[in-house]
Amino acid sequence: MTTNRKQQKTTIETHKIMTETENNHKYTQNDSLGKHSHHRAAVKMLPTFVRATPDGTEKGDYLALDLGGTNFRVLYVRVVEEQQKVVKMDSKICSIPQEMMLGTGEQLFDHIAQCLGEFLESQDLKGQTLPLGFTFSFPCEQKEIDKSILIRWTKGFSCSGVEGQDVVKLLKEAIHRRGDYDIGSVAMVNDTVGTMMSCGYRDQSCEIGMIIGTGTNACYMEEIKNVKRVEGEDGRMCINTEWGGFGDDGSLKDILTEFDEVVDQTSINPGVHTFEKMISGMYLGEIVRLLLVKMAEDKLLFKGETSEALLTPGQFETKYISEIEDGLENAQKILTALGLNWDPVDACVVRLVCDTISSRSARLCAAALATISNRIRVNRGLDHLKTTVGVDGTVYRKHPNFSEELQAAVRLLAPKCDITFLVSEDGSGKGAAMVTAVAHQNVCFLGFFCS
Ligand code: BGC
């Protein structure tokens with residue numbers, strides 16, 4: 001397809017999405033940020049209590065915890081003011097077995113406390129009470145920087161007894177059950193916020209954080225006067241949009257396909273995080289698999305035959321999409337490994353299917369990002385906004401042309417915004433330390449809990 005035709009197609013398709021996102025924009029203005037109306041909003045727009053991006057004067061030693069996928073990480077991070085940098089001193093990764101993702105909250109937090117304890121022991125840090133940034137990449141209603149109630153699990157987690165509870169309290173209880181070490185003040189951080197903050201240290205115009213990985217989400221700096229749920233008129237606060245929930249009120253039903261519906265129905269959280277299920281790495285492979293099965297059944301592929309692997313949910317991994325789009329040879333290897341009887345035309349069609357699904361994901365993200373950028377522009381009464389988005393996530397990083405496609409669509413949809421994209425360097429680790437450092441610095445300034 002020529003660039004022009006492709007652009008035309010992008011414009012037509014995204015127009016529909018934009019209409020939805022514009023409606024959503026009005027919706028968020030009226031409902032999500034409102035004092036009494038936010039409970040019914042699909043896009044939660046959660047206040048994060050992060051009131052400032054870094055100004056480069058932050059410093060100190062911090063611990064960071066990162067939970068958001070199948071691995072859990074502990075980090076020891078030093079923020080060095082003079083060199084304007086964040087140094088990762090050391091880190092440890094602990095896996096979270098599948099049974100633990102579906103077990104009890106107590107088991108999960110005991111495992112986290114154990115992993116942290118082993119790390120502190122290995123670093124000879126057990127006697128210290130360092131401030132800790134906890135990147136917990138799930139939707140949380142934050143009451144304060146150190147009080148964060150889990151609204152719901154996403155991305156395959158479903159531990160009992162955690163939804164509706166304060167995650168900081170559960171972490172501290174697990175540490176106290178052990179009794180062999182303690183931690184200092186805690187700052188709760190969503191991964192989007194960590195990403196924005198880690199990029200903000202390098203580029204102070206970074207005011208949006210976006211993740212397109214196993215899950216998807218974005219945060220941005222909002223004028224406090226618009227956040228009716230938080231006291232104050234002056235300054236800004238970072239809002240965790242939880243855009244993955246867009247469509248949970250049925251507003252995306254016109255663009256959902258039969259494949260999206262199956263993905264939703266067979267997930268562990270049907271009916272929620274509709275937008276995320278159309279976009280993120282946890283689901284893209286499965287959408288492609290369902291499409292290929294349907295095309296084979298309709299005799300449009302593989303001479304009408306399927307294979308056991310193709311018929312098994314989860315067997316078409318999201319990383320195959322990137323590999324297949326990267327080259328037809330990869331497509332052929334993957335189709336052979338999936339036990340399919342393919343010919344060269346099949347390989348080309350499969351590549352086209354992958355391209356369709358990843359492009360749809362990129363354009364949906366672009367529509368949502370364009371809405372946020374325009375909102376910031378309008379908030380500030382500007383004709384033109386120049387801003388930076390800190391980005392992370394495997395889909396954005398690893399797919400051969402996802403980032404280009406997303407950026408091209410944002411340029412079309414937000415022509416008055418000049419957006420620079422900055423890939424974050426370990427936002428969930430170093431970024432969490434940065435949030436803690438900024439929070440610590442501000443709190444110290446006011447004369448509270450300084451070490
Ligand atoms: C979570 C968000 C998170 C995103 C990216 C979503 O499932 O709800 O809190 O930021 O995944 O990790």
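Structure note, pairs Lys88/Lys386; Lys303/Lys333; Lys294/Lys333; Lys44/Lys386; Lys59/Lys172: Cα-Cα distances above 28 angstrom occur for Lys88/Lys386.
Between Lys147 and Thr104, the FRET efficiency estimated from the beta carbon spacing at R0 = 30 angstrom works out to 0.85.
Between the listed residues Leu46, Ile212, Gly339, the Cα displaced farthest toward the positive end of the dipole of the chain, a dipole computed from Cβ unit charges relative to the Cα centre, is found at Leu46. Overall, the chain carries a charge dipole of about 900 debye about its Cα centre when +1 sits on the Cβ of Lys and Arg and -1 on the Cβ of Asp and Glu, all other atoms neutral.
Under 19 Å from a point placed 7 Å out from the Cα of Leu311 along the Cα-to-Cβ direction: which residues of segment 277-301 have their backbone N that close? Residues passing the 19 Å test: 286-301. Here the extension length gained between Ala337 and Met89 equals 85.2 nm, from 0.36 nm per residue of separation less the Cα-Cα distance. Computed over the alpha carbons of segment 252-363, Rg followed by Dmax gives 13.5, 39 Å. Roughly how far apart, in whole Å, are the Cα centres of segment 237-291 and segment 141-158? Using only Cα atoms, the two centres lie 19 Å from each other. Mean separation of Cα pairs under 8 Å and 6 or more residues apart, divided by the residue count, gives segment 176-264 a relative contact order of 19 percent. Less than 5 angstrom separates the built amide H of Asp418 from those of Leu385, Lys386, Thr387, all sequence-distant by 5 or more or on a different chain.
Using the Cβ of Met278 as centre and a radius below 9 Å, the other residues enclosed give a net charge of 0, where K and R count +1 and D and E count -1. The label point for Thr420 and the one for Tyr181, both projected 7 Å from the Cα toward the Cβ, are 3.8 nm apart. Counted by Cβ distance under 11 Å from Leu290, the other residues give a net charge of -3, where Lys and Arg count +1 and Asp and Glu count -1.
Relative contact order of the chain, taken over Cα pairs closer than 8 Å and 6 or more residues apart, is 20 percent. For the chain, excluding the exposed loop sites themselves (chymotrypsin sites (Phe, Trp or Tyr not before Pro), DSSP loop, at most 15 other Cβ atoms within 10 Å), the longest remaining stretch covers 1-447. When the trypsin sites (Lys or Arg not before Pro) in segment 263-350 are filtered for DSSP coil states and for at most 11 other beta-carbon atoms within 10 Å of their beta-carbon, the remaining sites are Lys299.
With one equal scatterer per alpha carbon and no solvent term, the Debye-computed log10 I(q)/I(0) for the chain at 0.05, 0.07, 0.08 1/Å reads -0.18, -0.36, -0.46. Projecting the Cα atoms of Gly60, Met282, Gly250 onto the charge dipole of the chain, computed from C-beta unit charges around the Cα centre, puts Gly250 farthest toward the positive end. The residues packed around Lys126, meaning those with a beta-carbon under 13 Å from its beta-carbon, carry a net charge of -4 if Lys and Arg are +1 and Asp and Glu are -1.
Exposed loop positions in the chain were taken to be GluC sites (Glu not before Pro) whose DSSP state is not H, G, I, E or B and which have at most 16 other beta-carbon atoms within 10 angstrom. Between these positions, the longest stretch is 318-451.
Rounded to a whole number, what % of the accessible area of the chain do carbon and sulfur atoms account for, probe 1.4 Å?
The nonpolar share, carbon plus sulfur, comes to 50 percent.
Helical content alone sets the calculated 222 nm signal of the chain at -13500 deg cm²/dmol, taking -39,500 (n - 2.57) per DSSP H segment of four or more residues and averaging over every residue.
Whole number in Å², please: accessible area per residue of the chain, 1.4 Å probe, ligands, DNA and RNA not counted. The partial results should precede the final answer.
Values: 19230 Å² over 451 residues.
Dividing the accessible area of the chain by its residue count gives 43 Å².
Using C-alpha pairs below 8 Å separated by at least 6 residues, the relative contact order for segment 293-358 is 32 percent.
The values are calculated or read from the model by the stated rules, or taken from the named source; none is laboratory data. Everything numeric here is computed off the predicted structure, so don't read it as measured data. Quick reminder, even Gly has a Cβ in these numbers, built from the backbone with ideal geometry, and neighbours come from all protein chains shown. Just the protein is used for accessible areas: all its heavy atoms, side chains included, with ligands, DNA and RNA removed. Shrake-Rupley method; radii C 1.70, N 1.55, O 1.52, S 1.80 Å.
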